[in-house]
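Okay, structure first, notes after.
The values are calculated or read from the model by the stated rules, or taken from the named source; none is laboratory data. Quick caveat, the model's predicted, so the values are computed rather than measured. So basically every Cβ, Gly included, is an ideal-geometry build from the backbone, and we count neighbours across all protein chains shown.
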Amino acid sequence: MKATALAHPNIALVKYWGKRDDALILPHQSSLSLTLAPMSVTTTVEFGVAADQVEINGHVSKGSERERVLRLLDALRAEGRQALGPARVVSRGDFPMAAGLASSAAGFAALAVAARAAAELPADPKSASVLSRLGSGSACRSVQGGFCEWQRGERADGADSYAVQRFDAGHWPELRMVVAILDRGEKEVKSRDGMKHTVDTSPYYPAWVKDAEAEVPRARDIIARRDLEALGDLCERNAWRMHATSFAADPPLSYMSAATLGLIQHLREHRKKGIPVWFTLDAGPNPVLLTDAAHEVAAEALARACGALDVVRCVPGGDAVLRTEHLF
């Protein structure tokens, strides 16, 4: 009863920001993302050990981090198909954690896929998406590759709140996302805490929910016709509006650093020079630049000139997959 899975992070083009149910991690609005390769998290799960053990990136997991992993495993155990017993979980990522790069999304997607396989359950993207959501909301969008839409759902139990793949990884092969790592450190306010604070205190929040939900079908249409400029404009608009809700919280919450603003303010000038490059930004200081294959070198040069400590060039990533080599 042991399995290993690899999953990629995703970057939301239309953001998820705020829960209507904290326990089940149900969003106020739908969102749409692109899965990113080559960044990945690999997770091995083995049931039937002496006691629950959780290790992430070489460290024994404690506190809320451990509780989130065990909550997902408890949900799987509660299905009651067989007595699974305690589990050992070992997870390793190849990019910074808690820096706004969706490490938890990749980690919990890999955990859900590996845990279901270790429990001898059949591969099922919908079930894995629902399960992974219990660890991290955005993880439900990393179970499958390409462009995935997390449908907010209506049911109180969350059974209809999961991600569906709208376009696979091969739909737009020329698309590129250039991750500009300006700060490798962990952010001071975790996403789940920042969301709750924003929902509870920002007067802009209701307008954000209405606007973001309306952007999802627009994004689908743009992606279908592979319109880079239209997608870039939508991504920037949606990112600014998400962060505006946090700026308006009480007290204000900002995930941007001076370096973040410095980089993204250069993009408009570069577009005037004929370089098609736009940004999106999750809850962290590290922007992701949207461009095409012909201009990814120029986008990387721009990021480095603006202080990026490292740059990761990404292509549309594929589904979470099982691996034959285990971490233990």
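Among the residues here, Arg220 does not qualify as surrounded by fewer than 18 Cβ atoms within 10 Å (Cβ to Cβ), assigned to a helix (DSSP H, G or I) and at pLDDT below 95.
Residues in region 23-63 that are part of a loop (DSSP other than H, G, I, E, B) and among the aliphatic types (A, V, I, L, M) were compared, and the one that is surrounded by the most Cβ atoms within 10 Å (Cβ to Cβ) is Ile25. Screening the candidates Arg166, Arg133 for the property of being of a type in the set (Lys, Arg) and surrounded by fewer than 24 Cβ atoms within 10 Å (Cβ to Cβ) yields one hit, Arg166. For the condition acidic (Asp, Glu) and either surrounded by 24 or more Cβ atoms within 10 Å (Cβ to Cβ) or under 30 Å from Asp310 (Cβ atoms) (or both), Asp157 does not qualify.
Within region 127-157, can you find the residues that are in contact (Cβ under 8 Å) with a residue 12 or more places away in the chain and within 13 Å of Gln29 (Cα to Cα)?
If we filter region 127-157 for residues that are in contact (Cβ under 8 Å) with a residue 12 or more places away in the chain, which is where we start, we get 128-153, 156-157.
Those that are in contact (Cβ under 8 Å) with a residue 12 or more places away in the chain and within 13 Å of Gln29 (Cα to Cα): Gly137, Ser138, Glu149, Trp150, Gln151, Arg152, Gly153.
Please pick out the residue among Ala259, Ala298, Ala230, Ala249 that is in contact with a helix residue (DSSP H, G or I) (Cβ under 9 Å, 6 or more places away or on another chain) and either farther than 27 Å from Pro27 by Cβ or of a type in the set (Phe, Trp, Tyr) (or both). Full working, then the answer.
Numbers: Ala259 fails: in contact with a helix residue (DSSP H, G or I) (Cβ under 9 Å, 6 or more places away or on another chain); Ala230 fails: either farther than 27 Å from Pro27 by Cβ or of a type in the set (Phe, Trp, Tyr) (or both); Ala249 fails: either farther than 27 Å from Pro27 by Cβ or of a type in the set (Phe, Trp, Tyr) (or both).
One residue alone meets the criteria, Ala298.
Using the structure shown, decide if Leu84 is modelled with pLDDT of 95 or more and either small (Gly, Ala, Ser) or in contact with a Gly (Cβ under 9 Å, 6 or more places away or on another chain) (or both). It is false that Leu84 is modelled with pLDDT of 95 or more and either small (Gly, Ala, Ser) or in contact with a Gly (Cβ under 9 Å, 6 or more places away or on another chain) (or both). Only residues that are more than 22 Å from Asp193 (Cβ to Cβ) and within 11 Å of the chain's Cα centre (by Cα): list them for region 8-48, please. His8, Leu13, Leu32, Leu34, Thr35, Leu36 - these are the residues of region 8-48 that are more than 22 Å from Asp193 (Cβ to Cβ) and within 11 Å of the chain's Cα centre (by Cα).
Could you go through region 182-205 and let me know if any residue there is surrounded by 22 or more Cβ atoms within 10 Å (Cβ to Cβ) and closer than 18 Å to Met39 by Cα. Scanning region 182-205, I find at least one residue that is surrounded by 22 or more Cβ atoms within 10 Å (Cβ to Cβ) and closer than 18 Å to Met39 by Cα, so the answer is yes. Residue by residue through region 111-136, note down the ones that are polar (S, T, N, Q) and part of a helix (DSSP H, G or I). Those that are polar (S, T, N, Q) and part of a helix (DSSP H, G or I): Ser127, Ser129, Ser132.
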